[in-house]
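Just below is one structure, and these are the notes that go with it.
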Number of protein chains: 2
Amino acid sequence: MFDSLFLADFPGINDVYQGSNEASLREAIAVPINDPSMAVAAMASVTRHLGFAITGSTTYEQPYSFARRMTTLDHLTGGRVGWNIVTSATASAARNLGLEQQVAHDERYAIADEFMEVVYKLWEGSWEDDAVVRDAERGVYTDPTKVHPAAHKGTYFSVPDPFLCEPSRQRTPALFQAGASSAGREFAAKHAEAVFLVDTSVNSLRRSVDATTELARTLGRSRSDLSFIAGVSVVVAPTDSEARAKFEQQLPFISVEGTLARQSSLMQLDFGEIDIDAPLEYVETDGIRSFLERFTIADPDRTWTPRQVAEQMARSLGAITVVGSPTTVADRLEELADEAGLDGFNVYDNLPLRTLPDFVDLVVPELQRRGRVPTAYEADTLRGNVTGRGARLGDGHVGASFRATQRLGLEENARS
Amino acid sequence: MFDSLFLADFPGINDVYQGSNEASLREAIAVPINDPSMAVAAMASVTRHLGFAITGSTTYEQPYSFARRMTTLDHLTGGRVGWNIVTSATASAARNLGLEQQVAHDERYAIADEFMEVVYKLWEGSWEDDAVVRDAERGVYTDPTKVHPAAHKGTYFSVPDPFLCEPSRQRTPALFQAGASSAGREFAAKHAEAVFLVDTSVNSLRRSVDATTELARTLGRSRSDLSFIAGVSVVVAPTDSEARAKFEQQLPFISVEGTLARQSSLMQLDFGEIDIDAPLEYVETDGIRSFLERFTIADPDRTWTPRQVAEQMARSLGAITVVGSPTTVADRLEELADEAGLDGFNVYDNLPLRTLPDFVDLVVPELQRRGRVPTAYEADTLRGNVTGRGARLGDGHVGASFRATQRLGLEENARS
C-alpha cells in the first residue's frame with residue numbers, strides 16, 4: 001500500500017569533505033550512482049499502483065527535454081510518475097555540466113520558478129485534451145489548431161515551440177519538493193502537492209508544516225492542497241526487545257566518516273575541517289555547529305562531540321528513528337502524524353531488501369487495523385493516491401493557469 | 001535473431017515545410033515523440049539477447065549526464081545498449097534547448113568529436129576494472145586510487161571530475177553512426193563500429209562503403225573494424241504475386257505531404273516552396289533537385305515531377321525496397337549484401353506489428369537456410385553480436401586510447 005517509491009539523485013560527486021572525493025568513493029556515498037529514471041519503466045511493467053517519484057534538478061536540466069522524459073515515463077507508467085523538484089547544491093554537478101560555477105542559492109530558486117513556468121506551459125498548455133484525433137480515414141493524427149506553442153521567452157529559458165509529446169494521464173507529474181530554506185519553503189508553498197520533511201523532532205516538523213501551510217494560504221491554497229510527508233527510520237521486530245537487539249546489530253554498519261562526507265556535500269561545508277572529538281561548542285563554523293546541535297535533542301544537557309552527533313545522525317539518516325514492536329511503532333507513527341500534522345511518511349530503506357519487507361509485514365497490517373493505512377488503493381495514478389483527488393493538477397494549482405483553455409479564455413476576455 | 005532494435009529520435013519539431021509545423025502535427029511526422037531511452041529498461045527485462053540502439057545528439061546533450069544515462073541502460077540491459085551518434089540538424093531542437101541558433105554543420109562535428117573524447121574519458125578512462133572491491137568487512141566499496149578524474153578541459157566542454165557510474169558490461173555502448181556528409185563520413189571512419197547507410201541504389205551503397213572504409217584505413221582501422229548496415233524496406237508474402245498485392249494495398253497509406261514535411265526537416269530546406277507538379281528540372285533549389293533526382297533511378301529517362309518522386313520515396317522510406325516471396329527477398333538481400341559489401345540490414349518497420357513479424361516468419365528462416373543469418377546468438381552483448389568480437393571496445397579503437405591503464409602507461413613512459 002505504499003503510494004510511491006522515492007528515488008533520490010545526486011548528479012555530481014560528493015567531494016567537499018576534506019576537499020576530496022576519497023571518502024565518498026570508498027564508502028559509496030552516492031557514488032557510484034546510476035540515473036534513477038531509467039529503471040522506472042521496468043518497475044512500472046511489474047506493478048499496477050505503485051508510483052515513482054524521481055529527483056530532477058531545475059538547475060542542470062533543459063525544461064524542454066526534461067518535460068519530455070517525465071511525460072514519457074508518465075505514459076509508460078499510466079500516470080504513476082512524480083517529480084521531486086530540487087535546485088541542487090552540488091558544486092561538482094555544476095562544474096561538470098557546463099556551468100562555470102555553482103549558481104547562488106536564491107538565484108537557483110529564481111531559475112526553478114521560471115523552469116516551472118516552462119514545464120507547465122508544455123505539460124498543461126500546449127496540447128488541448130482533444131488535440132489528438134487519430135482519424136485513420138482522413139489520415140489525421142493531430143488537429144494542429146489545438147496544439148499551441150509554449151511561446152516562452154524568459155530570463156533563463158527560451159522555449160518557443162509546442163511540446164513534443166501527446167499529453168499523458170497526469171500531464172504534470174505529481175509534484176514533490178523538499179526545500180527547507182526560506183526560498184525552498186516559498187517554492188514548496190507555491191508549487192508542491194507533497195512536501196518531504198526531514199527533521200529530528202516532532203516540534204520542528206510541526207513548525208515546518210505550519211510555516212509552509214501559512215505561506216501556501218497567502219498564495220490562495222489551503223491545507224488540503226498539500227500533503228506533508230516526513231522521513232522516518234524504522235526498525236521493527238515482533239517484540240520491543242527484539243527490535244532493540246536488531247537496531248544494535250545494525251550499528252556496526254554506521255560510518256561516521258561516510259555521514260560527514262554526505263552531509264558536507266549536502267551543505268557544501270567541509271565537516272572535515274572540524275575536530276570531531278572536541279565538544280560541540282568548539283566548532284567554529286556556525287552553519288556546521290547549528291546543524292549538529294539539532295541532533296542533540298535526545299539529551300541536550302549532555303556534552304556532545306561531533307563524532308557522537310554523527311553517530312546519532314547515521315543511525316537515523318538524519319530523521320526521526322522509531323524502534324520497537326509493531327504496536328510500539330504504530331503508536332509512535334500515529335503520535336508523530338497527529339502531533340506534527342503529517343499526511344504520511346517516507347520510510348527509509350536503511351538495509352535494502354530487509355527494512356522495507358519488515359515494515360510491510362509487521363507495521364502496515366497494524367496501521368491498517370487502526371484505519372491509518374487503506375486496504376486498497378484509492379486511485380490508479382500517483383496524484384490520485386497522494387492527494388486523494390483526480391489524476392490532473394487541481395484547478396486552483398498555479399500550473400492549471402497555464403492550460404490552453406484558460407489561456408484562450410483569458411485572450412477572449414481581453415478582446416471583449 | 002535481430003541484433004538490435006533501432007530507436008530513432010528527433011528532439012525538435014519538424015516545421016521547415018511551408019514554414020509551419022502543421023503538416024507534421026497533422027500526419028504525426030515524428031511528433032508526438034516520446035524519449036526513446038525510457039522504454040529500453042522495460043524491453044530489456046523481457047528479452048535476453050536483443051540489443052537496443054538509441055539515437056543521442058552530441059549537439060544538445062551534456063556528455064557528463066548523457067554518459068550516465070547510457071551506462072545506466074548498459075547496466076540494466078547487461079551490455080545490450082548501442083548509441084546512434086547524431087549531431088542533429090533540427091533548428092527547432094536548437095531554439096528550444098538553450099542555443100541561440102542551430103550550430104553550423106562542420107562545427108557540429110567539431111563539437112561531436114570533443115564530446116566523444118569526454119565520454120571515452122568517462123566510460124573507458126575513469127574507473128579501472130578493479131576499482132570496485134565491495135569489501136563489506138573493511139567497509140570499502142571502491143578503491144579511490146583506481147578512480148581517475150576525466151580532467152577534460154576543451155573548447156566546448158569542461159568535465160574535471162570522475163565518472164559517476166561503476167563501469168557497465170560494455171563500458172562504451174556499441175557505437176553506430178549514419179552521417180552521409182563528408183564530415184559525417186570522417187566521423188564514422190574514426191568512431192563508428194557500425195555505420196547505417198540509407199540509399200536508393202546498390203552502386204551508391206557500394207561507394208559509401210568503399211569511401212568510409214578507405215577513410216578508416218587512413219586512420220589505421222581495417223574493413224573488419226566496421227560493420228555496414230543498410231536500410232531496407234521489405235514487403236514479403238508466400239508468393240511474389242501475393243507480395244505485390246500486399247504492396248499495392250499499402251500504397252494508400254503513403255502521404256506525399258508527410259514525406260515532404262519529413263524531408264524538409266531532415267535537410268532544413270523547404271520542399272513546400274517548389275511546384276510539385278512541374279517537371280523536376282524546374283526545381284530551382286539545387287539541394288532539393290539533386291536530392292529528388294536520386295529517386296528517379298528506377299526510370300531515369302522518364303520525366304518525373306516532385307510529387308511522383310515523393311510517392312516513390314514514401315513507398316521506400318528513402319531506402320531500397322524489396323517486394324516478393326521469401327526466396328525472391330532472400331535472393332535480393334544476398335545480392336545487395338554481396339554487391340555493396342554490406343554486413344547487415346536495418347529492416348524498416350513500415351507497418352508496426354505487421355512488417356517485422358512477416359520478415360521474421362518468412363525471410364529469416366530462408367536466410368538461415370542459406371547460412372546468412374545465424375541460428376543462435378554469438379554473444380550476449382550488443383557489441384559482441386554486431387562486431388563478432390568481445391564486449392568491450394577493440395584495443396585499436398580510438399576510445400581505447402583513453403583507458404586508465406593506457407594513460408598511466410603513457411605517463412610512465414613520459415617520466416622514464
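Tell me whether segment B:41-176 comes out rounded, prolate or oblate; compute the Cα gyration tensor, take square roots of the eigenvalues as a ≥ b ≥ c, and use a/c under 1.5 as the rounded threshold. It is oblate, given that a/c is not under 1.5 and a/b is not larger than b/c.
Evaluated with a Cβ-only charge set (Lys, Arg +1; Asp, Glu -1), segment A:91-192 carries a dipole of roughly 260 debye about its Cα centre, given to the nearest 20. Considering only B:ALA391, B:PHE196, B:ALA91, the residue lying farthest towards the positive end of the dipole of chain B is B:ALA391, judged by Cα position with unit charges set on Cβ.
Using 24 Å as the Cα-Cα cut-off, could you pick out the over-long pairs in B:LYS146/B:LYS190; B:LYS121/B:LYS190; A:LYS146/A:LYS190?
Where the Cα-Cα span goes over 24 Å, the pairs concerned are B:LYS146/B:LYS190; A:LYS146/A:LYS190.
In chain B, the calculated helix contribution to ellipticity at 222 nm averages -11500 deg cm²/dmol per residue, counting -39,500 (n - 2.57) for every DSSP H run with n ≥ 4.
For segment A:42-71, which residues drop by 30 square angstrom or more in accessible area between the chain on its own and all protein chains together (1.4 Å probe)? Residues passing the criterion (a loss of at least 30 Å², heavy atoms only) are A:ALA42, A:GLN62, A:TYR64, A:ARG68, A:ARG69.
The order of B:THR155, A:THR213, A:THR328 by accessible area, most exposed first and with a 1.4 Å probe, is B:THR155, A:THR328, A:THR213.
In the assembled protein chains, B:TRP83 presents an accessible area of approximately 0 Å² (probe radius 1.4 Å). In terms of accessible area, using a 1.4 Å probe and ignoring ligands and nucleic acids, A:VAL202, B:VAL236 rank largest first as A:VAL202, B:VAL236.
When +1 charges are put on Lys and Arg Cβ atoms and -1 charges on Asp and Glu Cβ atoms, the dipole computed for segment A:305-407 relative to its Cα centre reaches about 460 debye.
Ranking B:ASN346, B:LEU122, B:VAL322 by how far each Cα lies toward the positive end of the dipole of chain B (charges on Cβ) leaves B:LEU122 at the top.
Indicate the residues belonging to segment A:137-161 that lose 50 Å² or more of solvent-accessible heavy-atom surface (probe 1.4 Å) upon moving from the chain alone to the assembly of all protein chains, ignoring ligands and nucleic acids. When all protein chains are present, A:TYR141, A:PRO144, A:ASP161 each give up 50 Å² or more of accessible surface. On the principal axes of its alpha carbon atoms, segment B:241-366 extends 48, 30, 27 Å, with the longest extent given first. Of the solvent-accessible surface of the protein assembly as shown, computed with a 1.4 Å probe and all protein chains present, 49% belongs to carbon and sulfur. Rolling a 1.4 angstrom probe over the protein heavy atoms with all chains in place gives segment A:119-216 an accessible area of 37 Å² per residue. Assuming a ≥ b ≥ c are the square roots of the Cα gyration tensor eigenvalues, decide whether chain A counts as rounded (a/c under 1.5), prolate (otherwise, with a/b larger than b/c) or oblate. Prolate, since a/c reaches 1.5 and a/b exceeds b/c. Straightening the chain between B:ARG217 and B:ASP395 buys 62.5 nm, computed as 0.36 nm per residue apart minus the Cα-Cα spacing. Note on A:THR239: accessible area approximately 60 square angstrom, rounded to 10, probe 1.4 Å, nucleic acids and ligands left out.
Can you give me the accessible area per residue for segment B:302-402, using a 1.4 Å probe, in Å²?
46
Net charge dipole, chain A: roughly 1020 debye, given to the nearest 20, about the Cα centre with Cβ charges of +1 for Lys and Arg and -1 for Asp and Glu. Heavy-atom accessible area with a 1.4 Å probe sorts A:GLU166, B:GLU214, B:GLU311, largest first, into B:GLU214, B:GLU311, A:GLU166. Distances from A:ASP129 to itself in the other copies, using label points 7 Å out along the Cα-Cβ axis, amount to 5.9 nm in increasing order. With a 1.4 Å probe, what is the total accessible area buried between chains A and B, in Å² rounded to the nearest 100? So the buried area, both faces added, is about 4400 Å². Among B:ASP113, B:ASP286, B:ASP331, which one moves the most in a GNM of chain B with springs linking Cα atoms closer than 10 Å? Comparing B:ASP113, B:ASP286, B:ASP331 in a Gaussian network model of chain B, the most mobile one is B:ASP286.
Take B:LEU353, push a point 7 Å out from Cα through the beta-carbon direction, and compare it with the same point in every other copy: 3.6 nm, smallest first. Estimated at the nearest 10 Å², the accessible area of A:GLU242 is 90 Å² with a 1.4 Å probe. Distances, shortest first, from the label point of A:ARG369 to those at the same position in the other copies read 6.9 nm; the point lies 7 Å along Cα to C-beta. In terms of its C-alpha gyration tensor, the protein assembly as shown has a prolate overall shape, because the principal axis ratio a/c (a ≥ b ≥ c, square roots of the eigenvalues) is not below 1.5 and a/b outweighs b/c.
The values are calculated or read from the model by the stated rules, or taken from the named source; none is laboratory data. What you are looking at is a predicted structure, and each value in this text was computed from that prediction instead of being measured. Virtual Cβ from ideal backbone geometry, glycine too; neighbours counted across all protein chains shown. The accessibility values were calculated without ligands, DNA or RNA, using every heavy atom of the protein model including side chains. Shrake-Rupley method; radii C 1.70, N 1.55, O 1.52, S 1.80 Å.
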